[in-house]
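Participant: First the structure, then my questions, so here it is.
The values are calculated or read from the model by the stated rules, or taken from the named source; none is laboratory data. These numbers come from a predicted model, not from an experiment. No Cβ is skipped: glycine too gets one built from the backbone with ideal geometry, and neighbour counts run over all protein chains shown.
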Amino acid sequence: MFKRMSVVFVVALLALVSPSFVFAGSKYKKEYKMSVVVGPKLPWGAGATHFADLVRERTDGRINIKVYTSSSLMAGKQTNEFLIHRQGVAEFCFASTINWSTTIKPLNVFNLPFFFPDYKALDAVIQGEVGKELGEELKSKGVTVLAWGENGFREITNSKRAITQPQDLEGMKVRVVGTPIFIDTMKALGANPVNMNWGDAQVAFQQGVVDGQENPVVAIEIPVKIWQFHKYATIWRYVIDPLMLTVNNKTMASFTPEDQEIIRQAAIEAAEQQRGIVRKGLIAPDLSALETLRANGMEVTELDNAARAEFRAKTASVYDKWTKVIGEDLVNKAAAAIDAAN
């Protein structure tokens, strides 16, 4: 009887000192799943791990997030990620807007070809009214955006020739992600888009079946040593690939206010660090990432604004078609933010 009263007294005391103690002990799961479509060694995957580590440390182990990399929670089908997140199969995600844009159409604003000229433009859009509206859209569908990370501008590499003008892409077979707007963009430029997973793409490059691919330099191309397959790289900034660090709404509501704040701050810190890593060496005067490509035998072409305008004009039909899908009002707001940033 005395022991029983002692336990009750201790629990009551802990509840007074730290209300989250009793709450967490009775309601928190032993493990929360976090989905990431890439491997743990890439900056994107490492950013997710950093977030999980911060949350675990700062909640004294109350919230244990396990990161599931390489699309393992969705059997490799990246476009299913939003569905499993909304359902709570994955309570957390560090996700690309590209993979979710097939379901959440407004996210295609980041896929508009040659729309974002630089990082200042991206920051202005994400931190402004457009970012807020996208956050509200996702929250209404069951998911809360905690912070924005980044995969980077997607640059094109190939084994055939330097790409300096739209005509250079004529007939070139380019591996792309399976999002419809990417396929439309490559077709508008005269290329033949090929949708395949990365493992198959590497074999296709070696066999000469596929000529090129598009991916961020620091986040993907340097880690996979793209120079093993391709001699030519063009820095054209045709599409930007933001990442969203998110939590399922019901999962977030299950945490105490104190723990919710810990999660928010951890997300902001992890995303900021991850964003800095993928931008390193890509902003003048530090262009060391491009020098890494050159040092490994690649011929790197950097397009100026006039050259990018040629590609933008060539993809005008894509812009017109997808503005209707995204929402003209949202696109106009994003364009205004971009203009103001430059």
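Participant: Can you find, within the range 60-77, the residue that is modelled with the highest pLDDT among those that are in a loop (DSSP other than H, G, I, E, B) and hydroxyl-bearing (Ser, Thr, Tyr)? Step through it out loud before you land on a result.
Facilitator: Filtering the range 60-77 down to residues in a loop (DSSP other than H, G, I, E, B) leaves 60-64, 69-71, 75-77.
Narrowing further to those that are hydroxyl-bearing (Ser, Thr, Tyr): 69-71.
Details: Thr69: 94, Ser70: 89, Ser71: 87.
Checked the range 60-77; the qualifying residue modelled with the highest pLDDT is Thr69.
Participant: For the range 167-226, how many residues meet the condition of being in a helix (DSSP H, G or I), more than 20 Å from Ser317 (Cβ to Cβ), over 17 Å from the mean Cα position of the chain (by Cα) and not hydrophobic (A, V, I, L, M, F, W, C)?
Facilitator: 5
Participant: I've got another one for you. Filter the range 142-164 for residues that are touching a Phe, Trp or Tyr at 6+ places or on another chain (Cβ under 8 Å) and in a loop (DSSP other than H, G, I, E, B); which is surrounded by the most Cβ atoms within 10 Å (Cβ to Cβ)?
Facilitator: Selected residue: Ile163.
Participant: Quick one: which of Ala219, Ala233, Ala188, Ala201 is within 29 Å of Val55 (Cβ to Cβ) and small (Gly, Ala, Ser)?
Facilitator: Ala219
Participant: Just to be sure before I move on: is Val109 surrounded by 16 or more Cβ atoms within 10 Å (Cβ to Cβ), at pLDDT 95 or above, in contact with a Leu (Cβ under 7 Å, 6 or more places away or on another chain) and not polar (S, T, N, Q) in the structure I sent?
Facilitator: yes
Participant: May I pose another question? Go through (1) closer than 20 Å to Gly297 by Cα; (2) surrounded by fewer than 23 Cβ atoms within 10 Å (Cβ to Cβ) for Asn195 and report which single condition fails.
Facilitator: With (1) closer than 20 Å to Gly297 by Cα; (2) surrounded by fewer than 23 Cβ atoms within 10 Å (Cβ to Cβ) applied to Asn195, the lone miss is (1).
Participant: Moving on. Condition check: surrounded by fewer than 21 Cβ atoms within 10 Å (Cβ to Cβ), assigned to a helix (DSSP H, G or I) and of a type in the set (Val, Ile, Thr). Does Thr102 satisfy that?
Facilitator: No; evaluated as a whole, the condition is false for this residue.
Participant: Would you point out which residue out of Phe182, Phe153, Phe205 is modelled with pLDDT of 95 or more and under 17 Å from Thr301 (Cβ atoms)?
Facilitator: Residue meeting the stated conditions: Phe153.
Participant: Collect the residues in the range 110-141 that are among the aromatic types (Phe, Trp, Tyr), part of a loop (DSSP other than H, G, I, E, B) and closer than 23 Å to His85 by Cβ, keeping them in residue-number order.
Facilitator: None; the set is empty.
Participant: With the requirement that a residue be in a loop (DSSP other than H, G, I, E, B), touching a residue at least 40 places away in the same chain (Cβ under 8 Å) and not polar (S, T, N, Q), what does the range 302-325 give you?
Facilitator: Leu303, the sole residue that qualifies.
Participant: Would you please name the residue that is farthest from Ala191 (Cα to Cα), looking only at residues in the range 300-336 that are among the aromatic types (Phe, Trp, Tyr) and under 23 Å from the mean Cα position of the chain (by Cα)?
Facilitator: Residue satisfying both the conditions and the ranking: Trp322.
Participant: Can I ask one more? If we only count helices (runs of 4 or more DSSP H) wholly inside the range 1-59, which ones have 1 or more residues that are modelled with pLDDT under 50 and over 21 Å from Ile268 (Cβ atoms)? Spell out how you get there, then give the answer.
Facilitator: Details: elements: 2-17, 19-27, 43-58.
By residue number, 2-17, 19-27.
Residues checked against (1) surrounded by fewer than 23 Cβ atoms within 10 Å (Cβ to Cβ); (2) β-branched (Val, Ile, Thr):
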site: Asp60; (1), (2): yes, no
site: Lys66; (1), (2): yes, no
site: Ser70; (1), (2): yes, no
site: Gln78; (1), (2): yes, no
site: Phe82; (1), (2): no, no
site: Val125; (1), (2): no, yes
site: Ser140; (1), (2): yes, no
